[in-house]
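Right, one structure below, let's go through it.
What follows draws every value from the coordinates through simple rules; no lab data is involved. Here the structure is a predicted model, which is why all the values come from computation and not from measurement. Every residue, glycine as well, gets a Cβ built from its backbone with ideal geometry; the counts of neighbours run over all protein chains shown.
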Amino acid sequence: MSTPRTWLSINPASLCSRNPSQPVNHLRPPSRFTFSGAKTNAAQRLTFTRHTITHLLISYMAESHSESNSDSCLVNPNYAEIIVVRHGETEWNLDGRIQGHLDVELNEAGRQQAAAVADRLSKEPNISAVYSSDLKRAFETAQIIATSCGGLEVSKEPDLRERNLGDLQGLVLREAAKVSTKAYQAFLSHTTDQEIPGGGESLDQLYERCTSSLERIGRKHKGERVVVVTHGGVIRTFYKRACPNGRAGGKVLNTSINIFHLSDGDEWTIKSWGDVSHLNRTGVLESGFGGDRTSG
């Protein structure tokens, strides 16, 4: 006569005193456990040593961890996850000089920042595309990120450019009020349709241009995770689109990570804002001008 089968239903959390967030290698079950099947008597009981239970738990937890990681790799098919990054620092950022549409390269600190954020994003699962403003400071940052994320090609999007600041472009901000008074006053105006003399954009024009661009990217990449590299004024506009009645999001630092979910029905939500933890080791955490109301 065959021995009756013994069925075990083991809840790892019930087998040891453990905080659920503790890693597997901290599991310490008691030295011996005894389990019995439904039809066994005392003589047929099965005894498990600590060694056996530990291996059971490690196997269970590893499988659960793998499944959890697998789930975290996926993006909900109802939205696009867009990781929006501000470009690295430029010499003009350092000098407090207004850039706008003028094409300024990264400086050495900016390249270090770009390398740091690229390393960080290389650990993000399933990045399917990288987009960038066509201005050098953003495009070079995006290229460094794309190389670290499996050699992706960077798609240029001119509509992701910084705001055109007209006659203010090329001026040091602290001198702008004297050099170009009308343009400076227009720049500080709270009137959203106020254009800046010299071909500059109004806040309304910037809003329409850059939010339409991100919405196009979102529709194209529903259910995917993509990276967009752009500028401080643009990112602050994205914040306003996602939180129209909220307070200003604060200064947008160079290479900060800001994660948006763009859903059906043009719904925008912010998953993460202003993350610069990757810069803690670079020594250039808060360097750079712009990223706030003076962004340009």
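See the values below:
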item	result
FRET efficiency, 1/(1 + (r/R0)^6) with R0 41 Å, evaluated for Asp266 and His190 via beta carbons	0.95
The range 146-196: GluC sites (Glu not before Pro) in DSSP loop, at most 10 other beta carbons within 10 Å	Glu153
Potential extension, Gln205-Lys156 segment - 0.36 nm per residue separation minus Cα distance	15.7 nm
Reachable lysines, given that their alpha-carbon falls under 25 Å from the alpha-carbon of Lys222 and they are not under 8 places away in the same chain	Lys123, Lys156, Lys240, Lys271
Where a label projected 7 Å from the Cα of Lys136 along Cα→Cβ would reach, residues of the range 75-105 with amide N under 12 Å	90-92, 102-105
Within the range 203-223, backbone nitrogen closer than 14 Å to the virtual label 7 Å beyond the Cα of Ser128 toward Cβ	217-223
